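> I have a structure I would like to understand better, so I am pasting it below and will then ask my questions one at a time.
The values are calculated or read from the model by the stated rules, or taken from the named source; none is laboratory data. Values in this document were obtained by computation on a predicted structure and should not be read as measured data. Virtual Cβ from ideal backbone geometry, glycine too; neighbours counted across all protein chains shown. Protein only, heavy atoms only, side chains kept; ligands, DNA and RNA dropped before computing areas. Shrake-Rupley method; radii C 1.70, N 1.55, O 1.52, S 1.80 Å.
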Amino acid sequence: MKARYALLGSLVAVVLIAGGAAYGWVGAHREQLELGVGYAARVGCGCRYIGGRPLKDCHKDFEPGMEPIRLSEDAATHTVTASVPLIASRSARFDPVLGCQAEAFTGTRLVVPH
């Protein structure tokens, strides 16, 4: 019985440590992730609606390090959304005259030290 409680306690400790590390990593990289999904939404929109390529082919246009970003589309509104699940999401909409336009930014504002 003691071994079972020791194992359960160890498992809880590992989960808490891993969760804390993930939370710290996200906090340290949030601005970079938000910038990346905005860029990916514009690139994905251009690839899909200007280049006429399938959305799954648009990852080829990403820069190194953008692997966690996922793309989805709403064909009815000609919108591509890029996201890192539970962290950041941005969309870009295709307009026949203006091209791909990013949605208004509503995330965390970057504060630049003076």
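> Can you give the FRET efficiency to the nearest 0.05 for Asp61 and Leu7, using r as the Cβ-Cβ distance and R₀ = 41 Å? Provide the component values of the computation, followed by the final result.
Details: r = 47 Å, r/R0 = 1.14.
That gives a FRET efficiency of 0.30.
> Pulled fully out, how much extra length does the chain show between Gln101 and Thr77, if you take 0.36 nm times their separation in residues and subtract their Cα-Cα distance?
On the way: separation 24, 0.36 × 24 = 8.64 nm, distance 1.24 nm.
Working it through step by step, the gained length comes to 7.4 nm.
> Hey, any idea what % of the range 32-78's accessible area is carbon plus sulfur with a 1.4 Å probe? Present the calculation step by step, with values, prior to reporting the outcome.
Working: 1540 of 2810 Å².
Of the solvent-accessible surface of the range 32-78, carbon and sulfur hold 55 percent.
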